[in-house]
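Taking it in order: structure first as structure tokens, then the write-up.
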Amino acid sequence: MKRLLVGFIAAFAWVGGALADEAAVAKALSKIIPGLTQQDIAPTPVTGLYQVNAGARVFYVSADGRYIIQGEMVDLLNRENLTANALTNARKATLAKIDEKSMIIFPAKKAKHTITVFSDIDCGYCRKMHASLSDYTDAGITVRYLFFPRSGANTESYFKAVSVWCADDRNQALTDAKLSNKIENKTCEHPVDRHMQLAQQFGVTGTPAIIADDGTMVPGFVPAKQLLEHLSW
């Protein structure tokens, strides 16, 4: 994140202190966030402050391009967390762009909800969640997995994720890896690195990290019954 902030500062220096609008902010940021457009920039209720949606991240920038603000904006009058709402919408939009072909999916028989889970094969609570997978699918919750080996790239957990993806039956291989430590070492073209980048965009720091179909994030293991209650609000 520190490196990202340094990049932001360098980009805003390019604005040159002139009064910025959505187009100018987007043009400056596009140098360090490829693909950012004017549609990703919006004014806030605070005069001179703009909201920036960068994938599943939300931050704020002053109109003159000098100041970056990270944190939550709360409307005290309406008792509304504007940043939380913006983050929910940003996550939902980012989820919609992820190809399901890059996920390992355990569908519910009668799907009511879909969750996307950043998971680490060697995470204890990830294994606990997977051990009760049928509780989720029986409750109407489709589970979509993305890999997030917390130990980082080119580690044992990372190579386990690659091996699972490269297996002939990925769903069974994931179950075997999580519940029985049975892993046949394999390699092929895989999306694990992309999954790790997505985890960073979503601000994932621990696993399992559950993203609900409405864009809310539920950190940590939540039993199926309690999760269904949350999803049904």
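The values are calculated or read from the model by the stated rules, or taken from the named source; none is laboratory data. Note that the coordinates shown come from a computational prediction; the quantities given were computed from them, not determined experimentally. Virtual Cβ from ideal backbone geometry, glycine too; neighbours counted across all protein chains shown. These accessible areas exclude ligands, DNA and RNA; they are computed on the full protein's heavy atoms, side chains included. Shrake-Rupley method; radii C 1.70, N 1.55, O 1.52, S 1.80 Å.
Of everything in segment 109-153, what is assigned to a loop (DSSP other than H, G, I, E, B), open to solvent by less than 20 Å² (accessible area, probe 1.4 Å) and not hydrophobic (A, V, I, L, M, F, W, C)? Give them in sequence order.
Hits for segment 109-153 are Asp120, Gly140, Pro149, Gly152.
Filter segment 153-182 down to the residues that are touching a residue at least 40 places away in the same chain (Cβ under 8 Å) and farther than 19 Å from Phe106 by Cα and list them by number.
If the condition is that a residue be touching a residue at least 40 places away in the same chain (Cβ under 8 Å) and farther than 19 Å from Phe106 by Cα, then Ala153 is the only one that fits.
Which of the residues spanning segment 167-213 are of a type in the set (Gly, Ala, Ser) and surrounded by 12 or more Cβ atoms within 10 Å (Cβ to Cβ)?
Ala167, Ala173, Ala177, Ala199, Gly203, Gly206, Ala209, Ala212, listed by residue number.
Restricting to segment 90-108, count the residues that are β-branched (Val, Ile, Thr) and either free of Cβ contacts under 8 Å to residues at least 24 places away in the same chain or in a helix (DSSP H, G or I) (or both). Before the answer, list the steps.
As a first pass, look at segment 90-108 and keep what is β-branched (Val, Ile, Thr): 94, 98, 104-105.
So of that shortlist, the ones also either free of Cβ contacts under 8 Å to residues at least 24 places away in the same chain or in a helix (DSSP H, G or I) (or both) come out as 94.
Residues meeting the conditions: 1.
May I ask you to list the residues in segment 179-203 that are within 15 Å of Arg150 (Cβ to Cβ), modelled with pLDDT of 95 or more and out of contact with any strand residue (DSSP E or B) (no Cβ under 8 Å at 6 or more places or on another chain)?
Asp193
Can you tell which of Ala63, Ala96, Ala111 is within 23 Å of Ala23 (Cβ to Cβ) and of a type in the set (A, V, I, L, M)?
Exactly one residue qualifies, and that residue is Ala63.
Mind listing just one residue for me: the one in segment 68-77 that is of a type outside the set (S, T, N, Q) and more than 15 Å from Glu22 (Cα to Cα) and, of those, surrounded by the most Cβ atoms within 10 Å (Cβ to Cβ)? Steps first, answer last, please.
The first filter runs over segment 68-77 and keeps only residues of a type outside the set (S, T, N, Q), leaving 68-69, 71-77.
Then drop every residue that is not more than 15 Å from Glu22 (Cα to Cα), which leaves 69, 71-77.
On the way: Ile69: 14, Gly71: 9, Glu72: 11, Met73: 19, Val74: 13, Asp75: 11, Leu76: 6, Leu77: 7.
Ranking the qualifying residues of segment 68-77, first place goes to Met73.
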